[in-house]
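The values are calculated or read from the model by the stated rules, or taken from the named source; none is laboratory data. Everything numeric here is computed off the predicted structure, so don't read it as measured data. For neighbour counting, all protein chains shown are included, and Cβ atoms are generated from backbone atoms with ideal geometry for every residue, glycine included.
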Amino acid sequence: MFIAPRPELDDDPHFAVRIALMPLIGLVLAMLLRSPLPMIYPTMMFSLIAGNRKAFNPGRVFAAPVVFSAALWLMSGVVVMLQGIPLVLITVMGVIYFLAFYMIQKTGTAFGMLIIVAGALMSIMGLGSYPAMTYLRAEMGKAALCSAFVIPILYMLLPPRTREVHIDDAAPSFDYGWGTRAAIRAVVMLGYSLYLYTILDFSNMILAVAGMFVLVHSTRQSIWREAGQRSFSVLLGGGIGLGILSAMTISGHLSVLLALVFLATLWLGSKMLSGRLPAMTYQDSASVMISLVGSALATSEPSFAFIQRAGLTVAGTLVAALVVSILDALLVKEPTTVAEAIADRNAQENL
């Protein structure tokens with residue numbers, strides 16, 4: 001699947017400052033709107049702005065929130081219609097996962113990941129509580145639309161140096177085995193979703209998103225690399241978040257909270273530009289940190305809840321990566337001749 005490249009300091013010297021301002025704006029908006037899920041606004045808005053590269057791209061900035069909101073409503077509609085028939089719901093979600101993974105395997109585009117995330121979030125929350133699902137859908141939709149309003153303002157105040165618009169260079173990793181790989185990942189994703197349903201609540205759903213990205217990669221090497229990076233992101237972001245919450249016991253002023261979140265996000269944003277690890281590792285760490293700090297506004301014991309659920313999520317992610325890697329090795333057969341490769345690709349095209 002296409003992963004956004006590392007941002008370049010020469011292209012966008014204000015990148016770290018711009019993305020560091022977004023969680024502050026999100027936290028303030030969440031409090032002004034009296035959101036029951038205050039962690040959604042800063043986390044969602046940060047994720048949408050941090051994925052942009054180079055010059056301001058109106059199509060990407062305005063389309064992504066609308067498409068994601070539409071996907072949430074579509075997936076929630078499926079869950080509501082089939083909520084009383086669990087076996088049918090699981091089957092339908094499995095088909096949706098398969099089609100989304102097949103799109104990723106065939107084209108390399110990240111659009112399939114939007115469908116997977118929206119479907120998993122709505123099904124996990126819908127199985128537990130219909131009101132929780134509607135709250136999550138509504139608040140994520142509001143946060144996405146708020147980002148479409150705020151991002152252009154930040155780009156206007158802190159413009160990139162380059163005028164070049166970044167174009168995603170998506171391409172499939174393999175020319176064979178798309179259907180088999182998609183089926184493997186759909187089955188594992190179903191099991192992973194049921195597992196997340198037992199351990200997470202709405203305040204920790206960003207952990208679920210971090211784990212889902214592991215399953216979209218096509219090779220065993222990239223799966224394990226992604227699993228390691230996502231696990232490290234959860235630990236790094238969680239550690240920074242717990243440090244901020246510990247500092248708040250000394251001085252509990254809102255201004256201190258906002259300043260610490262800004263500085264932590266600024267540091268992670270600068271690491272996206274020049275850190276030794278891939279940029280997505282630091283971006284995911286910032287998302288986890290922001291989600292944890294935001295959840296502190298809605299619960300009295302975020303530290304214990306996060307440590308417990310983060311550990312279980314990391315363990316589940318590693319198990320999911322292991323299962324996918326083993327099944328890929330057993331079931332995905334590499335063509336031995338050019339003719340077999342062409343025939344296999346033609347068969348996949350006709351799916």
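The table for this structure:
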{"quantity": "Filter result (farther than 16 Å from Ala138 by Cβ and crowded, with 22+ Cβ neighbours inside 10 Å) within the range 26-47", "calculated": "Leu27, Pro42, Phe46, Ser47"}
{"quantity": "Single match in Ser287, Ser300, Ser325, Ser274 (criterion: at pLDDT below 65 and either in contact with an Asp or Glu (Cβ under 9 Å, 6 or more places away or on another chain) or small (Gly, Ala, Ser) (or both))", "calculated": "Ser300"}
{"quantity": "Matching residues in the range 115-151 - criterion: being free of Cβ contacts under 8 Å to residues at least 60 places away in the same chain, surrounded by fewer than 21 Cβ atoms within 10 Å (Cβ to Cβ) and farther than 12 Å from Ile40 by Cβ", "calculated": "Ser129, Tyr130, Pro131, Thr134, Phe149"}
{"quantity": "Yes/no for Arg34 being among the basic types (Lys, Arg), part of a loop (DSSP other than H, G, I, E, B) and within 30 Å of Leu258 (Cβ to Cβ)", "calculated": "yes"}
{"quantity": "Qualifying position, being modelled with pLDDT of 85 or more and under 26 Å from Met39 (Cα atoms), among Arg137, Arg185, Arg161", "calculated": "Arg137"}
{"quantity": "Exclusive hit being among the hydrophobic types (A, V, I, L, M, F, W, C) and farther than 14 Å from Ala144 by Cβ, set Leu48, Leu37, Leu27, Leu33", "calculated": "Leu27"}
{"quantity": "Residue check for Thr109: at pLDDT 85 or above and among the polar types (S, T, N, Q)", "calculated": "no"}
{"quantity": "Long-range neighbours under 6 Å by Cβ, at least six apart or interchain, first residue closer than 15 Å to Leu9 by Cβ within the range 269-288, second surrounded by fewer than 17 Cβ atoms within 10 Å (Cβ to Cβ)", "calculated": "Leu273/Leu9; Ala279/Arg6; Tyr282/Gly275"}
{"quantity": "Exclusive hit being assigned to a helix (DSSP H, G or I), in contact with a Leu (Cβ under 9 Å, 6 or more places away or on another chain) and of a type in the set (A, V, I, L, M), set Ala63, Ala71", "calculated": "Ala71"}
{"quantity": "Conditions (1) within 29 Å of Gly112 (Cβ to Cβ); (2) surrounded by fewer than 20 Cβ atoms within 10 Å (Cβ to Cβ); (3) modelled with pLDDT of 85 or more; number of the one not met by Lys54", "calculated": "(3)"}
